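FYI, it's all coordinate maths here, none of it is from the lab. In this text, all values refer to a predicted model and were calculated from it rather than measured experimentally. Every residue, glycine as well, gets a Cβ built from its backbone with ideal geometry; the counts of neighbours run over all protein chains shown.
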Amino acid sequence: QSCELLTKIMNRIENEVKELIDRDIHFGVSHQNSRKVAYFRRKDVQCFSDVINECETALKLSCERAGVSSEYDASLHALQPDSRSAVECCLGEDAREMCVHFIDFLNEKLELYKIEEEGLAIATEKLLLWLNKLQ
């Protein structure tokens with residue numbers, strides 16, 4: 001189940017980034033104030049939020065299977081031995097790396113289009129805490 005969830009997350013990130021790049025190519029940065037583009041930017045923010053929440057769910061499961069505390073604190077004390085397979089560990093690392101790149105991409109896009117979304121920023125910070133636990 002964990003491997004499937006991690007794979008699903010990586011596929012979702014890949015598809016969402018591709019769609020956003022396609023929209024950027026279609027609309028271009030110069031048209032960022034048009035109504036249609038504003039609609040897609042709001043839609044992008046909601047999509048980013050959904051992806052971040054899905055990533056958090058997958059990484060939380062991976063952390064729990066790794067025996068890492070499921071709390072949002074900075075401690076990394078182990079609850080139990082790591083029960084993940086070698087394949088799951090590799091997928092977890094790939095998903096972690098992809099999430100980090102996605103967050104960087106997301107932050108660049110939010111800055112480029114001058115979008116300030118507090119809820120998304122909070123969700124991203126929570127996700128970064130989970131990513132740090134898997135490091």
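Here are some notes:
- Reachable lysines from residue 8, criterion Cα separation under 27 angstrom, eight or more residues apart if same chain: 18, 43, 60, 109, 126, 133
- Net charge of the neighbourhood of residue 8, taken over other residues with C-beta under 12 Å away and scored Lys/Arg +1, Asp/Glu -1, is -2.
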